[in-house]
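Down below is the structure, laid out as structure tokens.
No lab work stands behind these numbers, since they all come straight from the coordinates. Only a predicted model underlies this, so the values are computations on that prediction, with no experimental measurement involved. Heads up, the Cβs are rebuilt from the backbone with ideal geometry, glycines too, and the neighbour counts pull from every protein chain shown.
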Amino acid sequence: MTNPDELRDEQLVELCRQGERHYFDVLVRRYMEKAFRIAFDFTRNTETAKDLSQDAFLRAFANINQFDGRSSFYTWFYRIVVNLCLDHARRQHRVGWESLDRITEEPGERKELADSTFAPDQQAIASEAQRRVDQTLETMPNKQRTAFLLRNHQGLSIADVAKVMKTTEGTVRVYLHRAVAALRQSLLELV
Amino acid sequence: MKTPMPLQSACKEFEEDLVLYYYGETSEEERGRVGQHLFGCSRCQGFLGDLQRLLPQMARTEELPQSFWDNYYRETVAKLAQQDERKHWWRALIPSIKIWMVPAFGTVAMAVLVIGLLFGKGNLSSFTVRPTEKIPHEILADENQLQFFESMDLLESLGKLEAQDEQKPEAVNTQSSRVKLQSGIA
């Protein structure tokens, strides 16, 4: 018998549709880290990211029959994750981003903010740079932010980002460039 | 973020291409064109260097322990099982229901409906009679006041009738005295 871990996403989805629910567990194992990372990029909070990404799995499973197979499972699933994150941000009025101050107090969340290999003044400037980057991402239009986070943080190709966002690759290129330009501008102001 | 150095400016017409160049999202032809420009442009070289230095740092995340992922997986699978149970709660009933029970339940339901229609017909008073004991005191008080005012109106009407009755004999007397006077004159 074939090892479930060796099955392709589409095969697992088909088995789930046939009522073999436990095959969805393989998809959970396969995508849980990616789903959590995406949610964390948007929320900057471990617990919220965990809840949102788990909720995304529940929704994906509940709507598995709506997956038409025209796109790959992961782009369909990442879209669910991103939508949940954006909905959460709207509901919370981006409270998650307000908790950045709390995150900077927790060295476990972002170690690069206080790298001991740099002098204190350099660390202070680096922290300020990080704060500006986070603030810029916070105020960035959702589509730019989504394109940037999926490409830069999650390493999705522009083609896949376009599928997740249901837009063209050209539009994603524009979003990506604008996001980088905005981040660059925020760091230029630091000088 | 390890470095506080800001991004350097690039040539405006190459800025977007350099971002895509950094992400490896340019075609072979574009890559050649950008590479050729980079060869002779220190500004764009600096810009690309900054992208290469800063963008990976923005994406850097903390590694989580394996126990976190084990727990995450267990929780998610348990939630999925719960959701699946809620979705198919009715399936638990199916084994206890025999196939002959389906028409039997249907027949009983129809019989109850017919009996209800036959015996319940014309006996709607039980539905329309107002259960007075359930009426709040405030409304009852208002109702009493309304009855009081209605009775007051009735009393006033009675008073008017009595007054009219009292006036009638006088009118009769006046008329008779007028007749008497006329006959006297005559």
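Remark: A:Lys50, A:Lys143, A:Lys166 ranked as A:Lys166, A:Lys143, A:Lys50, counting other beta-carbon atoms within 10 Å and listing the fewest first.
Annotation for segment A:1-75: GluC sites (Glu not before Pro) lying in DSSP loop with at most 15 further Cβ atoms inside 10 Å of their Cβ are A:Glu20.
Residues A:Thr75, A:Thr139, B:Thr76, A:Thr146, arranged from fewest to most other Cβ atoms within 10 angstrom of their Cβ, appear as A:Thr139, A:Thr75, B:Thr76, A:Thr146.
Between B:Arg74 and A:Leu86, take the C-beta separation as r, use R0 = 25 Å, and let me know the FRET efficiency to the nearest 0.05. Using R0 = 25 Å, I get an efficiency of 0.35. Site pair A:Arg29 and A:Asn3 shows an inter-label distance of 0.9 nm when each label is modelled 7 Å from Cα along Cα→Cβ. For the pair B:Glu15 and B:Glu29, label points projected 7 Å from Cα toward Cβ lie 2.5 nm apart.
If you take the beta carbon distance between B:Val102 and B:Thr61 as r and set R0 to 51 Å, what does 1/(1 + (r/R0)^6) give as a FRET efficiency, to the nearest 0.05? According to the calculation, E is roughly 0.35.
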